[in-house]
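The values are calculated or read from the model by the stated rules, or taken from the named source; none is laboratory data. Being a predicted model, the structure only gives us computed values, none of them experimental. With ideal geometry, Cβ positions are generated from the backbone for all residues, glycine too; neighbour counts draw on all protein chains shown. For accessibility, only protein heavy atoms count, side chains too; no ligands or nucleic acids. Shrake-Rupley method; radii C 1.70, N 1.55, O 1.52, S 1.80 Å.
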Amino acid sequence: MSLEPVKLVSPIASGAVPNFIAIEKKMSSPHRRRSPISLPPVAQLDFAPGIAGAERPSVSASESREEEEEEEEEGERGSDSVRSRALVFSPSPIPARMNIFRFAGDMTHLFSVLVLLLKIHTIKSCAGVSLKTQELYALVFIARYLDIFTDFISFYNTIMKLIFLGSSLSIVWYMRRHKIVRRSYDKDQDTFRHYFLILPCLLLALLIHEKFNFKEVMWSFSLFLEAVAILPQLVLLQRTRNIDNLTGQYVLLLGAYRALYILNWIYRYFTELHYVHWIPWIAGLVQTLLYADFFYYYFQSWKNNKKLELPA
């Protein structure tokens, strides 16, 4: 009786057992990228973050190139290294994209500045406007946009930065130097010592920051200072108790812009992997809470069709 030779078939070749080596090589490829998240049409517009709402890109262009080079070097050294395997399961940073809440927040902030400039330029009056708050906002934008001439993110980003910088400095100039406008400034009522807000915010930024370098510390400083910059304006409105429509709308739009940015952060938290930024979140929450009292009295006056007045 003749016996036929038995052919041994590899379980990997037959597909019975998955080829873990091939899978590992595929996963550890340095060119592997996370597939983009499907977002609404507005979210697909790759506008640059980092406008007045303290948003910023996940990584800058230079940082992204450096990380890609590091990943390629790791791949060349071999996919079996421990660090290479760690990179496989760490999602590559993807530049943040615009969403509807963020875009609405930017536009609301822009409208608030335009409303104030419209009042000052056309009426030639800054009655009810706090110069102290405007000086703080100018300092906020200067500290936040130090990278305007060194890091190009997008045309939208650059234009918005220039608008906020130029408008804040223009308002301060109008209130300090314009022959007619400065006469309407109520210096006796606008007595909040805003200089005492600057030093604590700077010290806090030196202690709490994402990276210890000049730009990052200044960015954190701008967040902390922006959170309290509205205080002189609110105190002035409480003292004068004479709030015209344009000034009231200006403060309302400022508060609405920050509230919209909170919705933007919530949206990004649920749609972007590992999106956690405690510094802007806490500063933004504090800033929004400062507007809560004003929101209440504003909507009460609108509901009852009465002139807006804040309690002394």
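Annotations
- Protein accessible area in segment 185-312, 1.4 Å probe - carbon and sulfur %: 65
- Summing +1 for each Lys or Arg and -1 for each Asp or Glu among the other residues whose beta-carbon sits under 13 angstrom from that of G255 gives -1.
- Label-point separation, H121 to F214 (7 Å along Cα→Cβ), nm: 3.3
- Sorted on the mean count of surrounding Cβ atoms within 10 Å across their residues, most packed first, peptides 252-264, 288-300 read 252-264, 288-300.
- Accessible area (Å², 1.4 Å probe, nearest 10) - T158: 30
- Electrostatic dipole magnitude of segment 158-312 [Cβ: Lys, Arg +1; Asp, Glu -1; Cα centre; debye, to 20]: 560
- Segment 262-312: trypsin sites (Lys or Arg not before Pro) falling in loop per DSSP and having at most 10 other Cβ within 10 Å: K306
- For segment 134-288, the pair-distance distribution built from all alpha carbon pairs, in bins 10 Å wide starting at 0, is 9, 32, 39, 16, 3, 0 percent.
- Across the options L263, N242, Q287, the greatest Cα extent toward the positive end of the charge dipole of segment 205-312 (unit charges at beta carbon of Lys, Arg, Asp, Glu) belongs to N242.
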